[in-house]
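Comments concern the structure below.
The values are calculated or read from the model by the stated rules, or taken from the named source; none is laboratory data. Just so you know, these numbers come straight off a predicted model, no measurement behind them. Glycine gets a Cβ as well: all are built from the backbone with ideal geometry, and neighbour counts include every protein chain shown.
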Amino acid sequence: MIILMHSNFIAVLGLGRFGSSVALSLAANGERALGIDREPEAVLALAGRLDHAAVADATDLDELRRLGMAEAGQAVVAMGDVVASALTTSLLAGLGVQEIWGRATTHRHAKILERVGAHRVVMPEQDAGKMLAGLLSGPTPNTAFIKTRMYFDLARHPARPAHAPGGRVRPSRGRGSGAAAPEPTDRTPPW
């Protein structure tokens, strides 16, 4: 079944872990989201949770046209395959999609997506790793907001104490939010 969308919707092409997370978050935020994947199981998993979901080959220009992609305000190309994501990005750019976000798995993949029409490129694994390292190493201008948000979330959902069993809690060494840090013990790694 072909569903023609109207403008002011966001299309997510590729409904794996990253794409489905983006699509569901958009829907939860009240955005009109169209999810597209060539695998029926991925589409069925999101049916009823998105405004529209379609089984389609995003590398096929005719299918993109039938889905109304020329009317999309924004699109997220969430495929991990370099060739498929580059071709899809190029087709979306040719259709005149106003803002195209690409998901890259490597820096080379990111450069390719930029060259074929992606307006912005994210690298979720690398970005998450950098964010976590920033959270662990103390506040900086770039991580202060993220830390505040993370501590707010932790305050709403407290976890078990972070200190090692049997270790004494001591004040932080001036890094972070002043949270307690574990007292070193003979079981504490030296690093």
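Mind checking whether some residue in the range 102-109 is assigned to a helix (DSSP H, G or I) and crowded, with 16+ Cβ neighbours inside 10 Å? Checking the range 102-109: at least one residue is assigned to a helix (DSSP H, G or I) and crowded, with 16+ Cβ neighbours inside 10 Å. One residue is enough: does the range 15-28 have a residue meeting the conditions part of a loop (DSSP other than H, G, I, E, B), in the same structural domain as ARG108 (by TED's automatic domain parsing), aliphatic (A, V, I, L, M) and touching a residue at least 60 places away in the same chain (Cβ under 8 Å)? The answer is yes; a qualifying residue exists. Going through (1) over 17 Å from SER20 (Cα atoms); (2) buried (at least 16 other Cβ atoms within 10 Å of the Cβ) one by one, GLU99 falls short only on (2). Before we move on, is ARG38 free of Cβ contacts under 8 Å to residues at least 60 places away in the same chain and under 15 Å from MET79 (Cβ atoms)? Yes; evaluated as a whole, the condition is true for this residue. Applying the criterion of being under 14 Å from LEU67 (Cα atoms) and β-branched (Val, Ile, Thr) to the residues of the range 30-55, the residue that is surrounded by the fewest Cβ atoms within 10 Å (Cβ to Cβ) is VAL55. Answer yes or no as to whether GLY48 is modelled with pLDDT under 95, touching a strand residue (DSSP E or B) at 6+ places or on another chain (Cβ under 9 Å) and in a loop (DSSP other than H, G, I, E, B). No: the conditions fail for GLY48. Here ILE112 does not qualify as closer than 15 Å to LEU13 by Cβ and either surrounded by fewer than 19 Cβ atoms within 10 Å (Cβ to Cβ) or touching a helix residue (DSSP H, G or I) at 6+ places or on another chain (Cβ under 8 Å) (or both).
Give the range 51-75 a look and list any residue that's within 20 Å of ALA118 (Cα to Cα) and not in a helix (DSSP H, G or I), or say none. Within the range 51-75, ASP57, ALA58, THR59, ASP60, LEU67, GLY68, ALA72, GLY73, GLN74, ALA75 meet the criteria. Does LEU64 satisfy the condition of being surrounded by fewer than 14 Cβ atoms within 10 Å (Cβ to Cβ), hydrophobic (A, V, I, L, M, F, W, C), over 17 Å from ALA104 (Cβ atoms) and assigned by TED's automatic domain parsing to the domain that holds THR105? Answer is no for this residue. Quick check: is even one residue across the range 76-99 among the hydroxyl-bearing types (Ser, Thr, Tyr) and in a loop (DSSP other than H, G, I, E, B)? No; the residues of the range 76-99 include none that is among the hydroxyl-bearing types (Ser, Thr, Tyr) and in a loop (DSSP other than H, G, I, E, B).
Out of the residues in the range 1-16 that are modelled with pLDDT of 95 or more and small (Gly, Ala, Ser), which is farthest from VAL76 (Cα to Cα)? Here the residue is GLY16.
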